Amino acid sequence: THPVSAHCSRARTMAPTAFKDIGKLCSDLLSKDYKTGSNSVEVKSKVPNGITFTPKADKTGDKFSGSLAAKSAVPGGADLEVTLKTSGVMSASLEAANMMKGLSLTLDCETPAPGKPGLLSSGKGTLDYKTDALTAKGSYDYYRGDAHAAASSAFKALTFGACADYSVSKSSLSKYAAACQYVAPDFTVCAKLNEALGKPDGMVYAGSYYHKVSPKMQVGTEVSKAAKKDAVSLAFGCQYKLDKDLTVKGKVDADGMLSASYKHKLSNISTLTLATVIDTVHLAESSKHKFGLALNLTP
């Protein structure tokens, strides 16, 4: 093979996208930074011995909730994160990356809410495997009896994938999905099919389109339809970067909900995000409209 031809062939080969990330560019564009109905403050700091502490507070209406997370590297090349919530629930996650080439292991557990029996309410193990041709993921929650498997592979600019959830306690398949994605330098097109067995919506078809118009502007559209319903769900939006510190976003959906967000990097350690959702069908009813604020501090 001619060296130049071989190089061009390799350039056209893309690594497969993990199944959960298929369509993620459009999904993030239309969902991130639109959190409304609550106000939150998060502070992330790293002490000299390498432990990262992240206290977070949320206020929704008259209700307040919060959490404190601590993350640190542990011997053996793993990362341990422990989180305590104001509800009294504690969770822990241990991630060991590169156990062998392309393989990582994550162990998660969570205590039950106060007043409920048992030492743990959830205990899950997850294996992730990645190569140049394949990504695969498998997980099992011992306490809930839920198993999950997903895999994806790529051919040139196309990625194909599928996943399935199985309930061991019920001895039945609970959910399955399949998806494909085409990636070009400045746009991505994705199609998905999923079904939650036993749910009223049945099979759901979905598609999305993401376009990076310029380094400053991105647009995206999502369409979905339940097989048992006539209505089609539609959402589209855009993001524009006014400068290196300021980004604005807007979105509208088929239900008449108009969303907007304003994200400003106030300094090297602080970011402020303001978001609002306006119900254009009921403009006169102030209770239908929502507002949210998030302040992130990283000293």
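The values are calculated or read from the model by the stated rules, or taken from the named source; none is laboratory data. All of these numbers come straight from a predicted model, not from anything done at the bench. Glycine gets a Cβ as well: all are built from the backbone with ideal geometry, and neighbour counts include every protein chain shown. Only protein heavy atoms, including side chains, enter the accessible area calculation; ligands, DNA and RNA are left aside. Shrake-Rupley method; radii C 1.70, N 1.55, O 1.52, S 1.80 Å.
For the condition over 23 Å from residue 182 (Cα atoms), surrounded by 13 or more Cβ atoms within 10 Å (Cβ to Cβ) and touching a Lys or Arg at 6+ places or on another chain (Cβ under 9 Å), what is the one hit in 206, 275?
275
If residue 155 meets every condition in (1) in contact (Cβ under 8 Å) with a residue 12 or more places away in the chain; (2) closer than 26 Å to residue 130 by Cα apart from one, which number is that one?
(1)
Kindly indicate the residue of segment 189-202 that is open to solvent by 50 Å² or more (accessible area, probe 1.4 Å) and over 19 Å from the mean Cα position of the chain (by Cα) and also nearest to residue 151 (Cα to Cα) among those meeting that condition.
Looking at the filtered set, the residue picked out is 197.
Restricting to segment 209-248, give me the number of residues that are open to solvent by 40 Å² or more (accessible area, probe 1.4 Å) and farther than 30 Å from residue 263 by Cα.
Counting residues in segment 209-248 that are open to solvent by 40 Å² or more (accessible area, probe 1.4 Å) and farther than 30 Å from residue 263 by Cα gives 7.
Of 131, 135, which residue is polar (S, T, N, Q) and at pLDDT below 95?
After ruling out the rest, the residue left standing is 131.
Report, by residue number, each residue of segment 277-298 that is of a type in the set (A, V, I, L, M, F, W, C) and farther than 28 Å from residue 66 by Cβ.
278, 281, 283, 284
Can you tell me which residue among 259, 267 is outside any strand (DSSP E or B) and open to solvent by less than 50 Å² (accessible area, probe 1.4 Å)?
Result of the check over 259, 267: 267.
Hey, can you tell me all the residues within segment 150-188 that are open to solvent by less than 60 Å² (accessible area, probe 1.4 Å), within 26 Å of residue 229 (Cβ to Cβ) and either in contact with a strand residue (DSSP E or B) (Cβ under 7 Å, 6 or more places away or on another chain) or of a type in the set (A, V, I, L, M) (or both)?
Hits for segment 150-188 are 161, 162, 163, 164, 165, 167, 174, 177, 178, 179, 180, 181.
On the basis of being hydrophobic (A, V, I, L, M, F, W, C) and either touching an Asp or Glu at 6+ places or on another chain (Cβ under 7 Å) or on the phi > 0 side of the Ramachandran plot (or both), does residue 78 make the cut?
Yes.
Would segment 61-77 turn up any residue that is open to solvent by less than 40 Å² (accessible area, probe 1.4 Å) and within 20 Å of residue 138 (Cα to Cα)?
Checked against the condition, which is being open to solvent by less than 40 Å² (accessible area, probe 1.4 Å) and within 20 Å of residue 138 (Cα to Cα), segment 61-77 yields no hits at all.
Pairs needed: first member in segment 132-148, touching a residue at least 60 places away in the same chain (Cβ under 8 Å); second member anywhere, in a loop (DSSP other than H, G, I, E, B) and buried (at least 17 other Cβ atoms within 10 Å of the Cβ); C-beta distance under 9 Å; at least 6 residues apart or different chains.
So the pair list comes out as 132/16; 133/16; 134/16; 135/16; 135/17; 135/18; 137/18.
How many of the residues in segment 278-299 are closer than 21 Å to residue 58 by Cβ and open to solvent by 80 Å² or more (accessible area, probe 1.4 Å)?
4
Which residue is nearest to residue 271 (Cα to Cα), if the candidates are limited to segment 44-81 and must be part of a strand (DSSP E or B) and aliphatic (A, V, I, L, M)?
57
Checking the structure you have, find out if any residue of segment 22-41 is open to solvent by 40 Å² or more (accessible area, probe 1.4 Å), free of Cβ contacts under 8 Å to residues at least 40 places away in the same chain and in a strand (DSSP E or B).
no
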